[in-house]
Amino acid sequence: MRPPAGLTPGVAAGVGRTALLVAAARAIETHRPDALARDPFAEHFVRAAPASAGWPVRPEQVPAGEADPLWGRLGRYFGLRTRVLDDHLLHAVRRGVRQVVLLGAGLDCRAFRLDWPPGCVVHEVDTAGMLSFKQAVLDRAGAVPAAGRRALAADLRLDWSEALLEAGFDVAAPTAWLAEGLLLYLPAAAERRLVATIDRLSAAGSSLAYEVKLGVESPRVRASPVYAAARRRTGIDLLALFDGEPRPDTAGELAARGWTVAARTPYDFAAVHGRGPRPEPDDALAANRWFFAARPRLSPGPGSARPLAVRTC
């Protein structure tokens, strides 16, 4: 299928299928009567790329509904993740933060769809191909950002800090950082560099939310319907995309740098919201954790012990 008018095949080809997978899940979630999050632009991305043009974007297009391992269970996971991380960012700006950085922003449209207070600036950092495709689709949809939006093309495996500073990032202001669905794909050394950069650029009062998988999944989990359905129906081998190196202890590293860190499971939030995925045998989501870190607004005084709290569930 050809891309819609206004999009060249090269632009559409520059978008990772995982970003399109998440966009399709957000589109389906948007049209649920009990939606946890709404993204009116998500289905435009799915339909604009040849790789995903035939994927479902509405609940009625998923015959098995929430029992479907891909568009039901995994899709609902992405919907829940979107809601939780939306809430995290909005909580930060309600406390006075006016600077947001989305690392690996993908095809999410938080700069357009969330209710930002006046003066907010949202930096979207991703590859040039991703941002070009995203902008072309948003332009065709007539989208207008609800905050100051600055899109920055960068390779997050390398040094991206100078480009962020040149884009107007203020190191003296607290920042709400978000790395949604990013660290799972980064080499361990790149994850450590990214965390060190965030720490270096973060003023007191900054926060960070990110997602990781803990430990190594068993062969039975790796053979689960979620992974199998993603390979068969979208051509995405998630297990091959996840970086295979032993993961760094990012929570421990942040705590050692003075951040407070808390970990939550998706099921914690499914219980809070009354919907979302539930545990099941040989569960592909069981190892997923969402971490929430904060740099205290008041630095410890001389002789004070640095906070080293890491809470896990």
**Asked** Using unit Cβ charges (K, R positive; D, E negative) and no other charged atoms, how large, in debye to the nearest 20, is the dipole of segment 231-301 about its Cα centre?
**Response** 360 debye
**Message:** Which residues among segment 49-93 fall inside the zone where the amide N is under 17 Å from a point 7 Å beyond the Cα of Ala141, along Cα→Cβ?
**Reply:** 49-59, 79, 82-83, 86
**Prompt:** Using alpha-carbon pairs under 8 Å, 6+ residues apart, how would you state the relative contact order of segment 22-107 in percent?
**Reply:** 30 percent
**Message:** Using 0.36 nm times the number of residues separating Ala223 and Ala271, minus their current alpha carbon distance, what extension gain do you get?
**Reply:** 14.6 nm
**Message:** Projecting each Cα onto the charge dipole of segment 226-296 (Lys/Arg +1, Asp/Glu -1 at the beta carbon, about the Cα centre), which of Ala294, Ala262, Gly274 comes out farthest on the positive side?
**Reply:** Gly274
**Item:** the chain: antiparallel DSSP beta bridges as a percent of all, rounded to 5
**Value:** 35 percent
**Prompt:** So, with +1 on the Cβ of K and R and -1 on the Cβ of D and E, and no other charges, what is the size of the charge dipole of segment 132-244 about its Cα centre, to the nearest 20 debye?
**Reply:** 580 debye
**Prompt:** Taking H as built 1.01 Å from N, whose amide H comes closer than 5 Å to the amide H of Ala176, not counting residues under 5 places away?
**Reply:** Gln99, Val100, Val101, Ser207
**Prompt:** When Rg is the radius of gyration of the Cα atoms in the chain and Rh is its Kirkwood radius, what does Rg/Rh come to?
**Reply:** 0.95
**Request:** Using 0.36 nm per residue of separation minus the Cα-Cα distance, give me the extension gain between Ala262 and Asp249 in nm, one decimal.
**Result:** 3.4 nm
**Asked** Using mean Cβ contacts within 10 Å as the protection proxy, how do 76-87, 138-149 order, highest first?
**Response** 76-87, 138-149
**Message:** Cβ neighbours within 10 Å, averaged per peptide: list 54-66, 24-36 in order, most packed at the top.
**Reply:** 24-36, 54-66
**Message:** Please list, ordered by chain and number, the residues whose modelled amide H lies under 5 Å from the amide H of Ala151; skip anything fewer than 5 residues away on the same chain.
**Reply:** Glu124
**Prompt:** How big is the charge dipole of the chain about its Cα centre, in debye rounded to the nearest 20, if each Lys and Arg gets +1 on its Cβ and each Asp and Glu gets -1 on its Cβ?
**Reply:** 340 debye
**Prompt:** When all alpha-carbon pairs of segment 188-275 are counted, what percent fall beyond 19 Å?
**Reply:** 57 percent
**Most to least packed among 175-187, 100-112, 247-259 [average Cβ atoms within 10 Å]** = 100-112, 175-187, 247-259
**Asked** What helices does the chain hold that run 27 Å or longer along their axis, going by alpha-carbon atoms, with a Kyte-Doolittle average of -1.0 or more, using DSSP H for the helix calls?
**Response** 75-94
**Asked** For segment 32-157, what is the convex hull volume of the alpha-carbon atoms per residue, in Å³?
**Response** 124 Å³
**Computed helical MRE - 222 nm, the chain, DSSP H runs ≥ 4 contributing -39500 (n - 2.57), nearest 500** = -10500 deg cm²/dmol
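Values quoted throughout were computed directly from the atomic coordinates according to the rules given, and no laboratory measurement underlies them. Given the structure is predicted, the values throughout are model-derived calculations rather than measurements. Neighbour counts are summed over all protein chains in view; Cβ atoms, including those assigned to glycine, are modelled from backbone coordinates with ideal geometry.
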